[in-house]
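I have placed the structure first, in the form of structure tokens, so that the comments after it can refer back to it.
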Amino acid sequence: MSLTPSASASLQPAKMKKDESFLGKLGGTLVRKKRAKEVSDLHEEGKNAINAPLLPSATEIHPEDTLLEENAERMMLDPTSRENPKFKDLVKVLIDWINSELEEERIIVKDLEEDCYDGQVLQKLFEKLSGRKLNVAEVTQSEIGQKQKLQTVLEAVNNTLRPHGWTLEWSVDSIHSKNLVAIVYLLVALAMHFQAPIRLPEHVTVQVVVVKKREGILQTAVVAKELTSTTEMMLGRFAERDAFDTLLDHAPDKLNVVKTSLITFVNKHLNKLNLEVTELESQFADGVYLILLMGLLEDYFVPLYNFFLTPESFEQKVHNVAFAFELMQDGGLKKPKARPEDVVNLNLKSTLRVLYNLFTNYKNSD
């Protein structure tokens, strides 16, 4: 059947009205969705405007940081602090130390955040330092398994460190979430407690962004965290106070008397090699006189290939002092309380402790 021109014309308005009605409805739906999104965006913009004044412009909050439970908080290292030369030096020293300790385990750490979060490296490190074997699974892939291992490792660490006054600036969640500040705090504490033969940079402070959720709104603040102070202060957490602490704190006027006695003692023996000491702080710092003195006290010759006769670098001086400490222990003396690095760094109290230990054991020696 064919339509006449009039019939065709009469159907067009009806079809147009139907199309207009459909497009109108579609257009209305799109407009409503657009307005709803604008309202949502406006609401989000308002929340951001409330939070923005508290947040440093250089700090980026990651999506996972916004998924906090009510009253929970998360710490993040400020990007500017991450690039701080002293902080980067501290991280490098800690990585080199871990790799040195775990060399026999064939473990190589390249990134503290990525390599320490699951507990495997921390377990091996604590076992090596403490001489204890922890009852944990060797390899765990699941998040639950990793956190269980971390829980066991950190309980052992905390039980070791807590009695010595350390504030525990780490937790299972902070370590597992790859919080670099918490990981560094933990490693510094272990290094200090077990007197690691390393030189930690002093006075390392970083800026940390703390994100908290209160009444559904993220609140941020920037706080300074001191990761290291002075070597003496950090070691003071663990070192037992002795006569030199009392002497320097309460009777500094008698210090010269003690120094004179020690100088007389060491020169009595070093004079045999036509050597003489006038400054205790500096002349034992490279370890050479300590090594020669031990040979004289124990009556043996120390082969020159065992140490650096004219050390030039910090590492060579540390090697010499550490070697002298080994000779002392071979002679039946207790392990010196001081670290080789402290003697090299001209720490008077450390040097006095070492020499007084020799004086006590060899004062009647010819």
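Remarks
- Selection within the range 108-147 - without any contact (Cβ under 8 Å) to a residue 24 or more places away in the chain and acidic (Asp, Glu): Asp111, Asp115, Glu127, Glu138
- In the range 190-205, the residues that are surrounded by 19 or more Cβ atoms within 10 Å (Cβ to Cβ) and within 17 Å of Val109 (Cβ to Cβ): Leu190, Ala191, Ala196, Leu200
- Residue-level analysis places Pro336 outside the set of residues that are touching an Asp or Glu at 6+ places or on another chain (Cβ under 6 Å) and either at pLDDT 95 or above or crowded, with 17+ Cβ neighbours inside 10 Å (or both).
- Taking the range 96-142 as the range and being of a type in the set (D, E, K, R) and farther than 21 Å from Val181 by Cβ as the test, the residues that pass are Glu101, Glu103, Glu104, Glu105, Arg106, Lys124, Glu127, Lys128, Arg132, Lys133, Glu138.
- Among the residues of the range 208-220, those that are modelled with pLDDT under 85 and of a type outside the set (Asp, Glu) comprise Val210, Val211, Lys212, Lys213, Arg214, Gly216, Ile217, Leu218, Gln219, Thr220.
- Listed by position, the helices (runs of 4 or more DSSP H) contained in the range 247-366 that have at least 2 residues being of a type in the set (Lys, Arg) are 255-270, 348-362.
- Applying the condition of being among the polar types (S, T, N, Q) and either surrounded by 12 or more Cβ atoms within 10 Å (Cβ to Cβ) or touching a residue at least 60 places away in the same chain (Cβ under 8 Å) (or both) to the range 269-293 and asking which residue is farthest from Pro303 (Cα to Cα) yields Ser282.
- Of the criteria (1) free of Cβ contacts under 8 Å to residues at least 24 places away in the same chain; (2) closer than 22 Å to Ser261 by Cβ; (3) aromatic (Phe, Trp, Tyr), which one Phe308 fails: (2)
- Residue, nearest to the chain's Cα centre (by Cα), within the range 123-138, restricted to residues that are outside any loop (DSSP other than H, G, I, E, B) and among the aliphatic types (A, V, I, L, M): Leu125
The values are calculated or read from the model by the stated rules, or taken from the named source; none is laboratory data. Just so it is clear, the model here is predicted, and its values are computed rather than measured. Here Cβ is always computed from backbone atoms with ideal geometry, including for glycine, and neighbour counts include all displayed protein chains.
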